[in-house]
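Asker: After the structure tokens below, expect a handful of questions from me.
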Amino acid sequence: MLSSLFLPVLLFSLVSSSSSKSMNDYCIEKGGVVDPRWPALNTNNPDNLLRLGGSRDFCKFSTLGPQDESRIYIGNITLFPIY
């Protein structure tokens with residue numbers, strides 16, 4: 001039996017590029033902004049940043065108020081309903 005920790009990884013690996021476009025569209029429809037992210041090492045020293053392979057899209061939601069700059073990032077694979 002698969003551990004629940006591996007389920008998001010399994011789902012992410014099964015998603016095709018056409019589904020990725022649908023996930024990005026879904027993010028935008030819900031008021032978010034698509035934010036592609038790449039894994040990297042040495043992030044505390046940007047001059048020597050080592051970018052690793054792969055990428056993942058996240059959906060960024062920000063508050064509407066001018067005094068609060070709160071935001072949350074949700075992985076598109078988590079946000080998008082898979083039926």
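Asker: Any chance you could count how many residues in region 61-82 are modelled with pLDDT of 90 or more and outside any strand (DSSP E or B)?
Answerer: Looking only at that region, the number is 0.
Asker: Here is a further query. Within region 49-78, can you find the residues that are farther than 30 Å from Ser22 by Cβ and touching a Leu at 6+ places or on another chain (Cβ under 9 Å)?
Answerer: In the first step, residues of region 49-78 are kept if they are farther than 30 Å from Ser22 by Cβ; the result is 49-50, 65-68.
Listed by number, the residues that qualify are Leu49, Leu50.
Asker: I'm checking my understanding of the structure. Among residues of region 25-59 that are under 17 Å from Leu79 (Cα atoms) and in a helix (DSSP H, G or I), which one is farthest from the chain's Cα centre (by Cα)? It would help to see each step written out before you state the result.
Answerer: From region 25-59, those under 17 Å from Leu79 (Cα atoms) are 25-37, 55-59; that's our starting set.
The next check asks that each one be in a helix (DSSP H, G or I); those that pass are 25-29.
Working: Asp25: 13, Tyr26: 13, Cys27: 10, Ile28: 13, Glu29: 16 Å.
Looking at residues that are under 17 Å from Leu79 (Cα atoms) and in a helix (DSSP H, G or I), I get Glu29.
Asker: Would it be correct to say that Phe58 is at pLDDT 65 or above and either surrounded by 14 or more Cβ atoms within 10 Å (Cβ to Cβ) or not small (Gly, Ala, Ser) (or both)? Write out each step before concluding.
Answerer: On the way: at pLDDT 65 or above: yes; either surrounded by 14 or more Cβ atoms within 10 Å (Cβ to Cβ) or not small (Gly, Ala, Ser) (or both): yes.
When the stated conditions are applied, Phe58 passes them.
The values are calculated or read from the model by the stated rules, or taken from the named source; none is laboratory data. Remember, it's a predicted structure, so these values are computed and weren't measured experimentally. Glycine also receives a Cβ, built like all others from the backbone with ideal geometry; neighbour counts cover every protein chain displayed.
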